[in-house]
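K.L.:
Before we start, here is the structure in question, set down as structure tokens.
The values are calculated or read from the model by the stated rules, or taken from the named source; none is laboratory data. Everything quoted here is computed from the prediction, not taken from an experiment. So basically every Cβ, Gly included, is an ideal-geometry build from the backbone, and we count neighbours across all protein chains shown.
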Amino acid sequence: AQKITQTQPGMFVQEKEAVTLDCTYDTSDQSYGLFWYKQPSSGEMIFLIYQGSYDEQNATEGRYSLNFQKARKSANLVISASQLGDSAMYFCAMREFNAGGTSYGKLTFGQGTILTVHP
Amino acid sequence: SAVISQKPSRDICQRGTSLTIQCQVDSQVTMMFWYRQQPGQSLTLIATANQGSEATYESGFVIDKFPISRPNLTFSTLTVSNMSPEDSSIYLCSVVGGFSTDTQYFGPGTRLTVL
């Protein structure tokens, strides 16, 4: 079963506007972590933001925020005040933990969303 | 954050040859991983590089094809052996720990093309 689902293959946004990239996940674990990465055309994977399953507040990092809705198993990325340089592929990923509760470190990735920012 | 470098950044190789990719981190890290990203696809974990012991491979990946070394807490290599065009991918090193386990960083990747 697919563990991470990104239903938007592509998204368009006007410069300076906000955009939400969707991510839903599937796990029976109580302890897990959710990540968002940006991949520009150069191919590097740029870490954006992290949300732990026990974190009560939504994570924020500058213009990035994570809308974490645990009951709905969603972890949407919100980018405020979009910039032309935000145009890239965005991946949502989930980290699994081993039976001892320590991080196993394996990330399972969604299929990604291509974001295009228009001037 | 950790600074991760990979060598080479890209290469074009002939079928049947092997390529060794290096990953160097500027600080000691707990865990190191190797991922593959095939063209137009998402990332898939190849293996966990364990310091001083054999790597732990994911289903579908074997040591004979992707031998991995990790001699210390800052360095690892991945070899792609007996290459075929299907091995054309971006290979990325990833690290956890040493700074924060809430983050996981990736190297810049090695873009491999096999002819």
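K.L.:
Any idea which residue in the stretch A:83-119 is modelled with the lowest pLDDT, counting only those that are among the aliphatic types (A, V, I, L, M) and within 25 Å of A:G52 (Cα to Cα)?
P.N.:
Result: A:A99.
K.L.:
Just need a number here: residues in the stretch B:15-61 that are small (G, A, S), under 15 Å from B:G107 (Cα atoms) and surrounded by fewer than 15 Cβ atoms within 10 Å (Cβ to Cβ).
P.N.:
1
K.L.:
Test B:D102 against the stated conditions and say whether it is modelled with pLDDT under 95, more than 12 Å from chain A (Cβ to nearest Cβ) and closer than 26 Å to A:A59 by Cβ.
P.N.:
no
K.L.:
Look through B:F61, B:F66 and report the one residue that is part of a loop (DSSP other than H, G, I, E, B), of a type in the set (A, V, I, L, M, F, W, C) and more than 14 Å from chain A (Cβ to nearest Cβ).
P.N.:
None of the other options fit; the residue is B:F66.
K.L.:
Anything in the stretch A:27-41 that is more than 13 Å from A:D86 (Cα to Cα) and within 9 Å of chain B (Cβ to nearest Cβ)? List them, or say none.
P.N.:
The answer is A:G33, A:F35.
K.L.:
Does the stretch B:74-95 contain any residue that is within 14 Å of chain A (Cβ to nearest Cβ), farther than 16 Å from B:S42 by Cα and of a type in the set (A, V, I, L, M, F, W, C)?
P.N.:
yes
K.L.:
For the stretch A:54-89, which residues satisfy the criterion of being within 12 Å of chain B (Cβ to nearest Cβ) and part of a loop (DSSP other than H, G, I, E, B)?
P.N.:
A:Y54, A:D55, A:A59
K.L.:
Considering A:F68, A:F35, A:F12, which residue is closer than 20 Å to B:F106 by Cβ and aromatic (F, W, Y)?
P.N.:
Checking each option against the conditions leaves just A:F35.
K.L.:
Among the residues in the stretch B:91-106, are any in a loop (DSSP other than H, G, I, E, B) and buried (at least 20 other Cβ atoms within 10 Å of the Cβ)?
P.N.:
No, the conditions are met nowhere in the stretch B:91-106.
K.L.:
Based on what the data block shows, is B:N50 on the phi > 0 side of the Ramachandran plot and either touching a Ser or Thr at 6+ places or on another chain (Cβ under 8 Å) or not aromatic (F, W, Y) (or both)?
P.N.:
no
K.L.:
While we're looking at this one, here's another question. So, B:R10, is that one touching a strand residue (DSSP E or B) at 6+ places or on another chain (Cβ under 8 Å), farther than 30 Å from A:S53 by Cα and basic (K, R) or not?
P.N.:
Here the answer is yes, as B:R10 does meet what is asked.
K.L.:
Right, here's the next one. Looking at the stretch A:9-26 only, could you name the residues that are within 14 Å of another protein chain (Cβ to nearest Cβ) and exposed (fewer than 15 other Cβ atoms within 10 Å of the Cβ)?
P.N.:
A:P9, A:G10
K.L.:
Sticking with this structure for a sec: Which residues, counting only those in the stretch B:29-43, are under 21 Å from B:P8 (Cβ atoms) and either within 11 Å of chain A (Cβ to nearest Cβ) or not basic (K, R) (or both)?
P.N.:
Across the stretch B:29-43, the qualifying residues are B:M32, B:F33, B:W34, B:Y35, B:Q37, B:Q38, B:P39, B:L43.
K.L.:
Quick one: how many residues across the stretch B:46-93 are in contact (Cβ under 8 Å) with a residue 40 or more places away in the chain and among the hydroxyl-bearing types (S, T, Y)?
P.N.:
Residues meeting the conditions: 9.
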